[in-house]
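Scroll down for the structure; my scribbles are underneath it.
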Amino acid sequence: MDSTEAIYNGLKDADIDFIVSIPFTNITELVEMINEDDEIIHVPVTREEEGIGICAGAYMGGRKTAILMQNSGLGNSINALKSLMELYEFPLLMIICHNGAEEEDTSFEMVDSTPRILKAMDFNFFKPSNPEAAYDDVRLAWDLSEEEGKPVSILLDKNYW
């Protein structure tokens, strides 16, 4: 099982049936797999907070929701995550590409900030190091999100892909 299949299979086994995504390179193959799946509704959006609101509505309509985003977009969605998802106890699985490394020009600051932001928000997260761990973590994260009634994240480093 490769890295993309692990995430997709984890989503399927968690019965996630509604996924919002913000376009970026790392998830191209995953989005193609999702788009080919008749059991999953996929809604591409341009802003993370827009996606959070759409996920809230989908959850109220009986869907199990996830959002695919980059770590640089986490800051864009803090208010929606706290004042909508957590306040009303809506579960949400956030698959976050944890971009940034010393050799990259973008998102370097967010490498260290992303886990700290999630901890400050009192949101749990997983950082799988391989596809097998990612598959398990996706399913566990959704269960934890439902149990807690708030978002839980999977942080995927650039090396994961």
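Could you grab the relative contact order for the stretch 3-156? Cα pairs under 8 Å, six or more apart, rounded to a whole percent.
Numbers: 288 pairs, mean separation 41.3, N = 154.
Here the relative contact order equals 27 percent.
Treating only the Cβ of Lys, Arg, Asp and Glu as charged (+1, +1, -1, -1), what charge dipole size does the stretch 3-156 show about its Cα centre? Round to the nearest 20 debye. Intermediate values should be presented prior to the final figure.
Values: 10 positive and 29 negative charges, 108 e Å.
Its charge dipole is roughly 520 debye.
Give me the 1.4 Å probe accessible area per residue for the chain, excluding ligands and nucleic acids, in Å².
On the way: 7580 Å² over 161 residues.
Ligands and nucleic acids excluded, the result is 47 Å² per residue.
Identify, among Gly10, Tyr88, Val31, the residue whose Cα sits farthest towards the positive end of the charge dipole of the chain, taking +1 on the Cβ of Lys and Arg and -1 on the Cβ of Asp and Glu, with the dipole about the Cα centre.
It is Tyr88.
Assuming a strict under-22 Å limit between Cα atoms, what lysine pair count do you get for the chain once near-sequence pairs (fewer than 8 apart, same chain) are dropped?
Count of close lysine pairs: 14.
Report the rotationally averaged projected area of the chain based on its alpha-carbon convex hull, in square nanometres.
Values: hull surface 33.2 nm².
Value for the chain: 8.3 nm².
The values are calculated or read from the model by the stated rules, or taken from the named source; none is laboratory data. From a predicted model like this one, the values you see are computed outputs, not experimental measurements. Using ideal geometry, Cβ is built from the backbone for each residue, glycine included, and neighbour counts are taken over all protein chains shown. These area figures cover heavy atoms from the full protein model, side chains too; ligands, DNA and RNA do not enter into them. Shrake-Rupley method; radii C 1.70, N 1.55, O 1.52, S 1.80 Å.
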